[in-house]
Each structure stands twice: as C-alpha cells, then as structure tokens.
Amino acid sequence: MDQDQNVADACRRVLKNIFGFSEYRPGQEIAIDAIMAGQNVLAVMPTGSGKSICFQVPALVRGGLTVVVSPLVALMGDQVAALQLAGVAADAINSSR
C-alpha cells in the first residue's frame, strides 16, 4: 500500500471514528486530499456543506496544533463543543472570553 493510500485511509478512519460519517460530502475529499498533500486550498462551498470537516480531519490526522481563523463566534463554540464530546482536545479564543 502506498503512502497516499495510507493517508487517505487514516482520513477516512477519522471521518468515521470522530465524526461518525462513512462517506464524504461532495467536495470534501478533494479538499482534504490536497491539504494532506501540502497544497494550499480555498474551498468555496455552501452553508451546511461540511467545510469544517475539510480542516478538522487533516488536523486530527496530522496531529499537533492547528490554528483556524474564523469570524463566526457561535460556530466556533459549537464546533469546539462537538470536538470535545468526541474526545478531541479543542478550544477557541474569541471576543467572548
């Protein structure tokens, strides 16, 4: 099995084990593959299409610290709470605290 397949398999395991999804939504897999290959990515997707998965999965597979800049304070709180419930060490810094 080649390195790219190992990385893709690791991403799918995180998608399933942490987020509970067995399949990617349209556009997610190509963005995640590009991020994991070290490419810069701009993902323009509609609200509710799962853009957050596109940075959360690579962050969990790579390990270490990931910094996400977002202007949506309420969304940050929701995402951090969901990640913490899944056992992921996550936090947010914003104007509310």
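The values are calculated or read from the model by the stated rules, or taken from the named source; none is laboratory data. None of these values were measured; they are calculated from a predicted model. Note that we place each Cβ from the backbone using ideal geometry, even for glycine, and neighbour counts take in every protein chain shown. Accessible surface areas use protein heavy atoms only, side chains included; no ligands, DNA or RNA. Shrake-Rupley method; radii C 1.70, N 1.55, O 1.52, S 1.80 Å.
What to note about this one:
- Helices (runs of 4 or more DSSP H) contained entirely in segment 21-87, each with at least 3 residues that are farther than 16 Å from residue 11 by Cα, aliphatic (A, V, I, L, M) and touching a helix residue (DSSP H, G or I) at 6+ places or on another chain (Cβ under 7 Å): none
Residue-by-condition table, conditions (1) charged (D, E, K, R); (2) open to solvent by 50 Å² or more (accessible area, probe 1.4 Å); (3) in contact (Cβ under 8 Å) with a residue 24 or more places away in the chain:
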{"position": "40", "(1), (2), (3)": "no, yes, no"}
{"position": "49", "(1), (2), (3)": "no, no, yes"}
{"position": "58", "(1), (2), (3)": "no, no, yes"}
{"position": "65", "(1), (2), (3)": "no, yes, no"}
{"position": "72", "(1), (2), (3)": "no, yes, no"}
{"position": "83", "(1), (2), (3)": "no, no, yes"}
{"position": "90", "(1), (2), (3)": "no, no, no"}
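- Residue under evaluation residue 3, criteria (1) farther than 26 Å from residue 93 by Cβ; (2) open to solvent by 40 Å² or more (accessible area, probe 1.4 Å); (3) at pLDDT 95 or above, criterion not met: (3)
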